[in-house]
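J.: Before anything else, here's the structure in question.
The values are calculated or read from the model by the stated rules, or taken from the named source; none is laboratory data. Just so it is clear, the model here is predicted, and its values are computed rather than measured. Glycine also receives a Cβ, built like all others from the backbone with ideal geometry; neighbour counts cover every protein chain displayed.
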Amino acid sequence: MSRNEAFAPWQCPLCGGVLQGENDLKCEKGHCFDRAREGYWHLLPVQSMRTKAPGDSKEMVAARRAFLNAGYYGIFGQALGELCLAHGVPAAKDAPLHLLDAGCGEGWYDRCIAQQFAAAEKPLQLAGFDIAKPAVRLAAKALPAAQYAVASSFSQPVRTGWADVLLNCFSPFAQEEFSRVLRPGGRMIYVVPGAEHLYQMKAVLYEKPYKNPVQQVEYPGFRAIDEREMQGTITVPAAQLEALFAMTPYYWKTPRDGAARLAALPQLTTTIAFRFLVFEKL
């Protein structure tokens with residue numbers, strides 16, 4: 001393999017055959033998927049969609065993009081790019097690194113990674129998917145060198161063993177599929193909130209705020225090889241607080257009075273903390 005190898009990460013979501021092509025993807029059995037105008041493919045079969053528009057809404061995606069683009073999670077993007085460079089080993093010498101972002105959202109994390117690989121002059125083939133079409137649409141428009149698809153983590157339209165590195169940042173954990181799409185010796189970077197993450201926000205939302213549990217988890221077929229923690233402090237104005245709140249699981253389970261207290265604040269200063277867990281596929 002070389003730096004000029006074909007960029008073909010996808011497999012047919014209907015039959016599992018390899019999808020080939022630049023705009024129209026097609027498998028040997030004739031299943032065809034057109035590339036959307038924004039540059040992504042819809043690889044989530046209708047029968048797998050529980051709702052007409054699964055995932056985050058267009059409004060939630062736009063709010064999250066605005067928050068992330070404002071730079072509040074800058075330390076996160078920097079650390080993630082550094083880890084991908086440190087642990088990203090291509091399957092063959094001089095081949096580009098195959099990086100898969102499972103649950104890519106609007107692609108902000110991917111852009112951080114791509115910038116660091118470009119600065120290091122390291123070749124990269126980056127593919128990502130998310131179940132929310134509004135998010136994938138933005139990701140594809142913002143990083144046209146990558147490939148993006150609308151898809152589910154639990155039925156990934158990704159070729160078996162394609163990924164050298166798999167990212168899972170605050171997204172559903174689909175262990176069997178992660179193991180399938182990673183090559184032997186590939187690395188999985190699993191990002192979870194640190195113990196103190198958004199603690200001051202929870203102190204506003206709840207009468208009894210709590211720290212996030214810090215667990216050492218083992219996954220069959222994987223070996224833990226590295227862990228990094230990052231922590232900082234951000235001050236978020238009222239205009240961005242709703243977007244930050246909507247990015248968290250607390251958005252769906254907070255009582256109305258707690259959400260009202262948060263909405264009434266002119267700004268919030270809070271800790272942000274992240275744990276980056278790196279595993280090697282055996």
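J.: For the range 79-118, give me each residue that is touching a Lys or Arg at 6+ places or on another chain (Cβ under 8 Å) and at positive phi.
T.: Matches in the range 79-118: Asp94, Gly105.
J.: Sticking with this structure for a sec: Are there any pairs, at least 6 apart or on different chains, whose C-beta atoms fall under 8 Å, with the first in the range 172-184 and touching a residue at least 24 places away in the same chain (Cβ under 8 Å) and the second assigned to a strand (DSSP E or B) and surrounded by fewer than 18 Cβ atoms within 10 Å (Cβ to Cβ), and if so, which?
T.: What qualifies is Glu177/Ser155.
J.: Looking only at the range 244-282, count every residue that is under 23 Å from the mean Cα position of the chain (by Cα) and not hydroxyl-bearing (Ser, Thr, Tyr) and tell me the total.
T.: Result for the range 244-282: 18.
J.: Going residue by residue through the range 181-196, is there one that turns out to be modelled with pLDDT of 95 or more and hydroxyl-bearing (Ser, Thr, Tyr)?
T.: Scanning the range 181-196 turns up at least one residue that is modelled with pLDDT of 95 or more and hydroxyl-bearing (Ser, Thr, Tyr).
J.: Does Glu121 meet the test of being on the phi > 0 side of the Ramachandran plot and either more than 12 Å from the chain's Cα centre (by Cα) or modelled with pLDDT of 95 or more (or both)?
T.: Against the criterion (on the phi > 0 side of the Ramachandran plot and either more than 12 Å from the chain's Cα centre (by Cα) or modelled with pLDDT of 95 or more (or both)), Glu121 qualifies.
J.: Continuing with the same structure: Within the range 109-128, can you find the residues that are of a type outside the set (Val, Ile, Thr), out of contact with any Asp or Glu (no Cβ under 6 Å at 6 or more places or on another chain) and assigned to a helix (DSSP H, G or I)?
T.: Within the range 109-128, Tyr109, Arg111, Cys112, Ala114, Gln115, Gln116, Phe117, Ala118, Ala119 qualify.
J.: Does Glu280 satisfy the criteria of being touching a helix residue (DSSP H, G or I) at 6+ places or on another chain (Cβ under 9 Å), of a type in the set (D, E, K, R) and part of a strand (DSSP E or B)?
T.: Taking the combined requirement at face value, the residue satisfies it.
J.: Restricting to the range 6-25, count the residues that are over 15 Å from Ser152 (Cβ atoms) and without any contact (Cβ under 8 Å) to a residue 24 or more places away in the chain.
T.: Matching residues across the range 6-25 total 9.
J.: Can you report the number of residues in the range 17-63 which are at positive phi and either modelled with pLDDT under 95 or touching an Asp or Glu at 6+ places or on another chain (Cβ under 6 Å) (or both)?
T.: Looking only at that region, the number is 2.
J.: Considering every residue within the range 87-108, establish whether at least one is out of contact with any Asp or Glu (no Cβ under 8 Å at 6 or more places or on another chain) and over 22 Å from Ala163 (Cα atoms).
T.: No.
J.: For the range 237-282, give me the residue count where each residue is β-branched (Val, Ile, Thr) and at pLDDT below 95.
T.: Final tally of qualifying residues: 2.
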